[in-house]
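Okay, so here's the structure we're looking at.
The values are calculated or read from the model by the stated rules, or taken from the named source; none is laboratory data. Here the structure is a predicted model, which means the values were calculated and not measured. Don't worry about glycine lacking a Cβ; one is built from the backbone with ideal geometry, like all the others, and counts go over all protein chains shown. Quick note on the areas: whole protein, heavy atoms, side chains included, nothing else; ligands and nucleic acids left out. Shrake-Rupley method; radii C 1.70, N 1.55, O 1.52, S 1.80 Å.
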Amino acid sequence: MDLTYKTTPDLEDLRAEVRTWLDEVYPEDYRGFQWDFEEDPDRWAFMFDFWKQLGAKHWIFPTWPQEWGGCEMSGRQARVLQEEKVSARVGEVGGIGMGVGPSIIRHGTPEQKAFFLPKMAAGEILWAEGYSEPNAGSDLASLRTRAVRDGDDWVINGQKTFCTAGHWCNWMIIFARTDPDPSKRHRGISCFLANMENEPAIELTPLNNIADGRQNVVYFDDLRVPDAMMLGDLNEAWNQVWFRLGGDPLPVFDDDDSGPEIEYEPPVDGYAWVLDQLLQYCKETRRGGRALIDDPSVREQLTELAIGVEVGKVMGLEGFDCPYGVHLHQAITKEFQPEFGQICMEILGPLGLIQKGRWAPLGGEIDRIYRRSFGNHAGGTSQVKRMTVATRVLGLPR
């Protein structure tokens with residue numbers, strides 16, 4: 001099966017432009033930055049500046065119209081840009097803006113679009129998530145945070161958890177119950193956009209994880225949000241915003257480069273780079289008198305990793321044709337993440353734990369991947385994703 005897609009001289013010129021620019025502005029020391037697993041303030045300071053540079057080139061949301069801060073790239077152009085960023089191990093913009101943006105495009109008022117989208121595209125707004133609660137994770141419809149109307153404002157009280165990197169963000173998207181009727185679990189939830197800067201009604205307490213990142217427990221104490229900051233319709237956030245964040249199909253790329261695709265999401269990840277580095281390590285490292293790459297058991301493990309990487313690529317390119325292809329893609333990816341880390345650690349052995357120095361294969365990247373693989377519950381576990389496909393696509397009973 002040929003998984004390559006056609007290229008053109010213009011696309012290759014863009015690739016060269018992106019590669020050259022990244023080499024100039026993005027030092028090696030900051031490669032591999034992942035916003036959800038980073039707490040070094042110096043690295044964050046560099047990334048804040050870099051994201052603004054990226055925004056100045058209109059490359060954060062490149063397929064968006066110019067009025068929103070994009071440059072109206074075609075899907076193919078955006079994929080080339082994303083491929084080069086991943087190849088250079090460039091840190092993606094912090095927070096969950098990549099998911100909030102499409103929801104504002106779909107359901108935001110003209111005023112919300114005019115205010116938020118250009119600032120997001122400029123790297124000035126980072127979104128924290130106000131979704132999960134202590135008793136409402138994958139089953140988000142069980143949330144208890146309440147929003148009560150008071151004049152032109154909504155007053156929000158409640159608690160959220162697993163707010164990853166929320167302390168680095170300046171805005172938060174919040175799901176709250178606006179209809180207390182227990183029979184309307186899915187139709188009684190509304191979505192709000194809240195400014196976090198200098199807001200005493202939002203309290204974040206640290207929830208540190210084993211992968212060097214910090215999540216947060218969030219408390220709302222009479223947080224007042226203007227009615228103008230409700231995203232979508234009253235009581236309809238589940239169908240309009242939440243479900244679409246993880247389930248609406250996004251075009252992969254256009255066939256003729258004829259115009260912008262504002263909802264494009266390039267299906268590229270960093271596992272291919274790690275696998276290439278691991279292959280090179282196995283070729284250069286000898287164990288028991290022979291190169292690791294010549295060990296049949298190691299070759300079998302590497303083959304398993306290569307298959308997983310290719311499956312992810314195929315799902316990324318083809319999985320979005322189905323209305324629920326995103327769920328299936330996420331289910332497979334979430335299960336592959338810990339498997340990838342486990343197999344890599346088995347190949348490297350104890351050396352995989354070392355972070356720096358001559359005895360640290362891949363600079364400790366495998367250990368970090370292994371520890372970070374616990375976070376594959378975000379957006380719903382793989383079991384929840386499979387249940388969605390089973391019930392909503394295949395028509396199977398719950």
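Below are the figures for this structure:
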item	result
Helix-only CD estimate at 222 nm, as mean residue ellipticity for the chain, using -39500 (n - 2.57) per DSSP H run (n ≥ 4)	-12500 deg cm²/dmol
Relative compactness, the chain, computed as alpha-carbon Rg over 2.2 N^0.38 Å	1.02
The range 287-398 - percent of accessible surface contributed by carbon and sulfur, probe 1.4 Å	59 percent
Long-range lysine pairs (8 or more apart or interchain), the chain, Cα under 25 Å	21
For the chain: accessible area per residue (Å², 1.4 Å)	47 Å²
The range 86-199, accessible surface, carbon-and-sulfur percent (1.4 angstrom probe)	49 percent
Dipole moment magnitude, nearest 20 debye, the chain about Cα centre, only Lys, Arg, Asp, Glu C-beta charged	1180 debye
Fully extended contour minus Cα-Cα distance, from Leu207 to Arg146, at 0.36 nm per residue	19.7 nm
Sorted largest first, extent of the range 1-121 alpha carbons per principal axis (Å)	41, 38, 29
Contour minus Cα-Cα distance for Arg185 and Val393 (0.36 nm per residue)	72.7 nm
Built amide H within the under 5 Å cut-off of Leu223, gap 5+	Ile156
Length gained when the stretch Ile293-Ala114 is fully extended (0.36 nm per residue, less Cα-Cα span)	59.0 nm
Positive-pole candidate from Gly363, Leu292, Asn235, dipole of the chain, charges at beta carbon	Leu292
Span from the the range 1-69 Cα centroid across to the the range 200-244 one, whole angstrom	27 Å
Simple label model, 7 Å out from Cα along Cβ direction - Thr8 to Arg31, nm	3.1 nm
